[in-house]
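Each remark here refers to the structure printed beneath this line.
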Amino acid sequence: MATTPAQIDELLQARSEHEHLEFKAAENSYEFEELVDYCAALANERGGRMILGVTDKIPRRVVGTKAFAVPARTVAGIHDRLHIKVTCDEVIHPGGRVLVFNVPSRPLGQPIQYRGRYLMRAGEQLVPMTPDQLKAIMLEGSPDWSLMPALTGCDGETIVQLLDTQSYFDLRELPYPGTREAVLERFAGERLIEKSGSGWTVTNLGAILFAKKLDQFDLLARKAPRVIVYEGSNKLKTKLDRQGLKGYAVGFQGLVEFINSLVPSNEVIEKALRREVKMFPEIAVRELVANALIHQDFNESGTSVMIEIYSDRMEISNPGKPFIPPDRFIDEYQSRNERLADIMRRLGICEEKGSGIDKVIEAAEVYQLPAPDFRVGEKHTSVVLFAHQDIEEMDRNDRIRACYQHCCLRYVMNQSMTNQSLRDRFKLAETKTATVSQIISATVDAGKIKAADPTQTSTRYRSYVPFWA
């Protein structure tokens with residue numbers, strides 16, 4: 001069905017462009033090769049729309065386009081280059097002529113390349129896909145890791161001996177069934193076990209979540225999270241090194257409590273009263289550990305989620321690179337383990353999609369900590385929580401990171417960052433307005449934020465949004 005002017009008006013209200021939607025004014029012309037690049041990127045992101053004749057800045061408006069006078073010829077040219085069936089709707093809108101290029105998803109397991117590049121969207125830019133993203137696409141036709149067998153040839157009694165079935169019903173706040181058959185039926189419905197001939201097979205999903213002892217499943221023993229405590233701020237001397245035993249769901253609460261018991265405390269004085277507070281907020285530890293467990297690459301062998309505690313910081317890392325850039329963790333969400341994420345959400349272990357990092361950054365601000373640092377290595381993704389520092393102790397990168405994350409947090413809360421909001425974040429007096437303006441200016445220069453209204457000349461009252469907004 002062709003796109004209508006009313007549908008164009010509805011699309012104008014989209015809060016922001018994303019991996020499935022792109023606007024370009026293109027009032028007089030548009031480069032064909034750039035159009036093909038965007039179509040390739042949209043196809044790699046499972047399809048979307050490329051719309052010409054509409055401004056990409058909010059408030060959007062239809063300005064009309066003279067580009068591609070013969071859309072059928074343009075579509076044929078795209079097909080010759082990408083070998084996918086893009087269609088184009090020519091819409092006569094009251095504001096002018098609009099072209100809507102409807103881009104289908106790439107074939108399963110086949111990324112789309114053009115001119116030797118596999119492109120994707122990142123903010124307002126097109127960037128090459130990461131090796132991990134390409135690897136994940138190539139593996140799409142392969143068996144789902146979560147449903148592969150962890151142990152075969154089990155009878156009903158073996159299942160309840162190996163898996164903590166009681167915890168499943170406790171976490172779901174459901175009454176425990178009166179018969180073993182009903183328990184097995186529920187677990188089979190969740191794909192935690194599967195019928196195999198006259199017996200049962202425990203899937204990787206069932207074992208990794210509900211194993212009473214992960215080392216009873218040979219291939220999963222190394223997937224247990226590991227907690228290491230160091231003496232001081234380096235790895236020279238280890239005070240404790242402990243590997244987890246239980247599945248993620250049954251052991252999660254105990255893991256979080258164990259980590260928090262190891263976190264150093266700081267003494268603070270409030271209204272002349274002294275009290276001890278943990279160096280890192282529990283909500284941040286909980287969300288980051290849950291994220292690490294959920295977003296890890298289970299196909300990476302010989303490695304696991306690690307929680308490393310130093311005297312001045314905590315580092316939480318998981319195997320695999322993320323599918324989205326770290327700068328977009330706060331507003332985007334894409335998991336390589338959707339089945340695992342879904343059941344952990346329903347068990348109350350993790351939050352709805354995308355909200356966990358918001359809570360981490362908000363907690364860091366409340367506790368007056370430096371902004372968390374999200375890092376991507378060759379085979380790992382990690383996040384660093386830092387102990388409290390006064391703003392005078394933070395270096396330039398710390399300040400820019402804090403400013404950017406504060407701006408992102410305000411944006412997802414439908415608010416803009418201002419000099420005052422950033423002063424409040426750092427708990428600074430009004431006399432520090434100039435200092436905060438310098439931090440904001442440095443963050444703008446770093447390309448992390450931009451003015452919400454470029455016409456506002458007062459730096460004191462100007463508001464800011466993230467670079468991708």
* So what does log10 I(q)/I(0) come out to for segment 5-129 at q = 0.09, 0.11, 0.18 Å⁻¹, using the Debye formula with one equal point on every Cα and no solvent? -> -0.22, -0.34, -0.92
* Structure fact -> Subtracting the Cα-Cα distance of residue 427 and residue 415 from 0.36 nm times their residue separation yields 2.4 nm
* Asked: About its Cα centre, what dipole magnitude does segment 405-459 give when the only charges are +1 on Lys and Arg Cβ and -1 on Asp and Glu Cβ, stated in debye to the nearest 20?
  -> 160 debye
* Net lengthening on full extension, residue 21/residue 69 (0.36 nm per residue, minus Cα-Cα) -> 15.1 nm
* To do: Percent of Cα-Cα pairs per 5 Å bin, from 0 to the last occupied bin, for segment 124-203, please list those.
  => 3, 13, 20, 17, 12, 8, 8, 7, 6, 4, 2, 0
* Among 324, 391, 188, pick out the residue whose Cα is farthest towards the positive end of the charge dipole of the chain, where Lys and Arg carry +1 and Asp and Glu carry -1 on C-beta, about the Cα centre. => 391
* Go through (1) 70, 69, 42; (2) 100, 52, 35; (3) 95, 66, 45 and flag the label whose value is the computed Cα extents along the principal axes in Å for this structure. => (1)
* To do: Evaluate the relative contact order of the chain (contact order divided by residue number), counting alpha-carbon pairs under 8 angstrom at least 6 apart; express in whole percent.
  => 9 percent
* Check the straight Cα-Cα distances from residue 379 and name the lysines below 30 Å, setting aside those fewer than 8 residues away within the same chain. => 135, 212, 213, 223, 235, 237, 239, 246, 321, 353, 359, 448
* Asked: In percent, what relative contact order does segment 224-386 have, based on Cα pairs under 8 Å that are 6 or more apart in sequence?
  -> 24 percent
* Asked: Taking R0 as 22 Å, what's the FRET efficiency between residue 455 and residue 61 from their Cβ-Cβ distance, rounded to 0.05?
  -> 0.80
* To do: In square nanometres and to one decimal, what's the mean projected area of the convex hull around the Cα atoms of segment 91-238?
  => 18.5 nm²
* To do: Quote to one decimal, in nm, the extra length available between residue 125 and residue 438 on full extension: 0.36 nm per residue of separation minus the C-alpha distance between them.
  => 110.0 nm
* What does the charge dipole of the chain about its Cα centre add up to, to the nearest 20 debye, if the Cβ of each Lys and Arg holds +1 and the Cβ of each Asp and Glu holds -1? -> 420 debye
* Candidate aspartates and glutamates for bridging to residue 24, where Cα separation is under 17 Å - those fewer than 8 sequence places away on the same chain excluded -> 9, 10, 33, 34, 37, 56, 89, 90, 124
* Structure fact -> In the chain, taking the dipole from +1 charges on Lys and Arg beta carbons and -1 charges on Asp and Glu beta carbons about the Cα centre, the listed residue (161, 261, 79) farthest towards the positive end is 79
* Give the distance, in whole Å, between the Cα centre of segment 166-190 and the Cα centre of segment 393-453. => 49 Å
* Assuming a viscosity of 1.002 mPa s and a temperature of 20 °C, what translational diffusion coefficient in µm² per second does Stokes-Einstein assign to segment 345-440, Rh being the Kirkwood radius over Cα pairs? -> 148 µm²/s
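A short reminder: the numbers here are calculations on the coordinates, not readings from a lab. Please read these numbers as outputs of a predicted model, since none were measured by experiment. No Cβ is skipped: glycine too gets one built from the backbone with ideal geometry, and neighbour counts run over all protein chains shown.
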